[in-house]
Each structure stands twice: as C-alpha cells, then as structure tokens.
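Colleague: Below you will find the structure I want to go over with you.
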Amino acid sequence: MERIAVVAVVLGLSLAPIPFGYAQSGGTSAQVKTYKAVGTVKKIDAARGRVTLAHEPIPSLKWPAMTMGFGVKDKALIGKLAPEKKIEFEFVQQGSDYVIVSVK
C-alpha cells in the first residue's frame, strides 16, 4: 500500500504544471532585468558584435560613469551607432557579459 502511495505522489508531481517563465528561461525562475543608460559610442567592432561606450552613472547597478565594452544582441543595432554619437540604450546581463538589446 505504501508503494502505491509513493507512486501516486511521484506521478502527481511529474504532472504538475511548470511555471511559464521557468520553462521559457531554460529552467531558471529568475527574471531577466533590463537596465537603461545613456552613453557615447567610443569604438565599434562590427565583426565581433561589440561596442565600447562611455556611459553615465547607472544607479540601478550602483555603477559610476565609466567606459566599458558591451555585446550587441542584434548586429543590426550596430547600424544605428557611430563613433562619438550619444545614445540611450537598454541592456541585460548574460553570464558575465552585458548585452545591448535596444538603442535610441
């Protein structure tokens, strides 16, 4: 009888709904946070899909103003960039890298 109860519990858990965000994020329940910033383009490496920006402080990350490299999610965004152009951009963290997802 105990064996039937264990099988019933295991079967019930295997049929439990998986939260949508959990399944979409590859198995992690953490939400991807998008950050907004303003910066000036310093260098563009279109071949590698990277850009170096001198950005203003980003209070949500407690970052001071600094110059740093970012990945670019969609290489088509690189067409909106030019050296010394001031931009508003949104980025996300992917592992240890920061990736621009939109540019205005």
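Colleague: I need the phi-derived Karplus couplings for the stretch 88-104: 6.51 cos²θ - 1.76 cosθ + 1.60, θ = phi - 60°, integer Hz, Gly and Pro marked x.
Modeller: Coupling constants for the stretch 88-104: 9, 9, 10, 9, 10, 8, 10, x, 9, 10, 10, 10, 6, 10, 7, 9, 10 Hz.
Colleague: Going by amide H atoms built from the backbone, whose H comes under 5 Å of the H on S102, apart from near neighbours?
Modeller: Distant-sequence amide H within range of S102: E90.
Colleague: Let me ask something additional. At what distance in nm do the modelled label points of S96 and E56 sit from each other, each positioned 7 Å from its Cα along Cα→Cβ?
Modeller: A separation of 3.1 nm, rounded to one decimal place.
Colleague: Based on the alpha-carbon gyration tensor of the stretch 29-103 and its eigenvalue square roots a ≥ b ≥ c, which shape applies: rounded if a/c is under 1.5, prolate if not and a/b is larger than b/c, or oblate?
Modeller: oblate
Colleague: Among the aspartates and glutamates, which fall within straight-line cross-link reach of K33, defined as a Cα-Cα distance under 19 Å, with same-chain neighbours fewer than 8 residues apart omitted?
Modeller: In chain and number order, the partners are E56, D74, E88, E90, D97.
Colleague: Taking amide H positions as placed in the peptide plane 1.01 Å from N, state which residues far from I58 in sequence (5 or more) or on other chains have amide H under 5 Å from it.
Modeller: HN-HN under 5 Å from I58: W63.
Readers should treat all values here as calculations from the given coordinates under stated rules, not as data from a laboratory. Remember, it's a predicted structure, so these values are computed and weren't measured experimentally. All Cβ positions, even for glycine, are placed from backbone atoms using ideal geometry, and neighbour counts span all protein chains on display.
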